[in-house]
Every structure is written in C-alpha cells, then in structure tokens.
Amino acid sequence: MKLFVCLAPALSLIAMTAIAQSPPTPAFDVTSVKRNTGAGPMRMMNTPGNVSAFNIPLRQLIRQAYQVQDFQIVGAPDWANTDRFDIEGRFDPTTAPPPGSTPQAPRIALMLRTLLRDRFGMVAHMETRDLPILALRLVRTDGRLGPQLKPSTADCTAGGPQGRGPIDGRGGPPPGGRIGGPIDGRAGGPPPDGRGLPPPGAPFSLGERPVCGDRMGFGQLLSGGTPMSRLVTQILAQLTGRVVVDKTGLTGLYDIDLKWTPTPDQLPQGPPPPGFELPQIDPNGPSLFTALQEQLGLKLDAERGPVQVLVVEKLVPPTDN
C-alpha cells in the first residue's frame, strides 16, 4: 500500500512534465472567418505569411488541411459543401516550420487543421476501410509507352519552373482539382490575380506544357517532370474519385500530353465569368480510361483495397469575426 501511495505523485509529475514539454500545435497568428453570401469565383491563394480563401466551401478547406481527396471525407454535414466562407490566416514566414511538419503534412496544412478545430469545432479521425480502388498498369507487356508519355530530361528536384495548376475559367479547379498549385509554400501557386483566367474574350488554352508541374482543365492535361506517384495521387485520383495505386514499375520523371472527353463531374459548375469563352468539347472523343490506353500506354484496373478515410465526428458553423 505504501508503495502505491509513493508512486502516485511521481506518476502525476511525469504526466504533467510530458504535457508541458509537448510541442505547441501549429497555428496561424491571426485568423479571419466570414460567411460569403454573394456571388464570385472560388479561389485560394498562398503568399508568404498569408493564406486566403474566397467563396470556398468548408469541405474544400478540409481536403487541403488533411491532404485527402473528396471521396475520402466521411460524415461531414451537408452545409460543409453548400455554405461558402472567406477565410484568411496570417503567420510569420521567417519562423522555422513547427514540429510535425513533413512532406505529407506541410506547415500550412497543419495550421489549417488548427483553424478548423478552433473556429469550426472540428473533431475527426483517420481510419482504414476496404473500398474500390484502381491500379495503374502498363498496357504492353514489352514495356513500350504510348506516344504522349515521354521520359523527361528536366531537373525538378529543386523546384524547377512550375505550372500554375488547373485553369477552369471560374476561378477554381475542376471538382477534385488543385487550386492554383500546392498549398505548402512551395513554387507553383496561382498568378497574381489568384484565378488562373485568360484575358477577357480570349479563347481557352492551357498554353505550353510546364517544365515541372501540370496544367489541367476541360479534358486536357499538360504535365512536365511528373513522377508516377504524382500522376496517380494528385491527378488520376482526383479525376476518378478513387484511390489509384501505381503498379507500372516506372521510375523517373515523365512529360504528359493527355486529352479526353470529360464527364460532367469533371467539369466546373456554374456560369463562366464575363468574357470567358468555354472551349468546345468533342462528345465523341475518348473517355479518360480509353485516352490513357491510347495516348499514354497505361490502363486502370478496378480492384479493392485498404483506403484511408477521414471520419468527421463533429463540425459546427462558426461565428464571423
């Protein structure tokens, strides 16, 4: 009995010390959250020391914060997809990245998670479920690639010339697409206007293929210096709404030119902004699956496998500030 009495305070002291030494949760220095009840393009911009989102549904912010695709979010209320918000977070860009920052969970993603917790009362956890997935494989047994998939000679390891993400004519990405490039402070963000739009009255064009990075919209993909890992996780997973596993065996970087007839869910919704001309889409063109085989020499096979999903337990509407 005496042994128990003596150990209890020691155990409490150890627990208190562990709490005191826990690294602080990464957070913005200043945040602003306001409901957006007017019209306007959806866009998200990342500049040194500032992250701004305009007319954005909360579900999109959750995707950015937890680095998941839309189909991996389970249990979010309907208003997380319909209500729109203007959100801003400011921080000191000269400070060192906080503990916990990794390529899988970059600094801004961690700060967005804190914002979701503090301003929206978000409680969530990750779990693994057995779900339909897609496996990317070579079409030809001899390893020959399609005409629009070529090895790249670019050096993209040091963040070479970047693309500007998708161009959809409405200020945001196609469903599942990126918003103006990565949101982790690296190169590849949106142009100064944050929208990626061509000049008023100009026909739609993706322009030239980026040396390192990708541009995508309206059934077109121009990608340079792309590893298979990015093709499956950041492009094909978004377009198909499935986890895609790379089983090609291909290493290195590739240049990709791909064209297909997009399905309605791969197109941006709502009217285009004034002066923007929608591109003509060939209804008789190849599907994404056919285009991958004919143009890249790759195929997607349906399988089942473990998928990480984000289960939202709690989410409440915020008060404006």
Taking amide hydrogens as modeled 1.01 Å from N in the peptide plane, which residues meet the under 5 Å criterion relative to Gly297, leaving out close sequence neighbours?
Gly146
Arranged from highest to lowest average of other beta-carbon atoms within 10 Å per residue, in what order do the peptides 74-81, 54-61, 242-249 appear?
54-61, 242-249, 74-81
Calculate one ³J(HN,Hα) per residue across region 230-247 by plugging θ = phi - 60° into the Karplus curve 6.51 cos²θ - 1.76 cosθ + 1.60, and present them in order as whole Hz with x for glycine and proline.
6, 4, 7, 8, 9, 10, 5, 4, 5, 6, 9, x, 9, 5, 10, 10, 7, 10
Could you give me the ³J(HN,Hα) list for region 277-293, computed from phi with Karplus coefficients 6.51, -1.76, 1.60 and θ = phi - 60°, whole Hz, x at Gly and Pro?
9, 5, x, 6, 10, 6, x, 9, x, x, 6, 4, 5, 5, 4, 4, 5
Got a sec to turn the phi values of region 121-127 into Karplus ³J(HN,Hα) couplings, 6.51 cos²θ - 1.76 cosθ + 1.60 with θ = phi - 60°, whole Hz, x for Gly and Pro?
x, 6, 10, 8, 8, 8, 8
Dipole axis of region 43-88 (+1 Lys, Arg; -1 Asp, Glu on Cβ), positive-most option in Thr47, Leu61, Ala80
Thr47
Ranked from the most accessible area to the least, with a 1.4 Å probe and all protein chains present, what is the order of Ser223, Ser287, Ser32?
Ser287, Ser32, Ser223
Looking at Leu231, Pro262, Val243, which one has the Cα that reaches farthest to the positive end of the dipole of region 227-267 (charges on Cβ: Lys, Arg +1; Asp, Glu -1)?
Val243
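The values are calculated or read from the model by the stated rules, or taken from the named source; none is laboratory data. Remember, it's a predicted structure, so these values are computed and weren't measured experimentally. Quick reminder, even Gly has a Cβ in these numbers, built from the backbone with ideal geometry, and neighbours come from all protein chains shown. Surface accessibility is based on the protein's heavy atoms, side chains included, excluding ligands, DNA and RNA. Shrake-Rupley method; radii C 1.70, N 1.55, O 1.52, S 1.80 Å.
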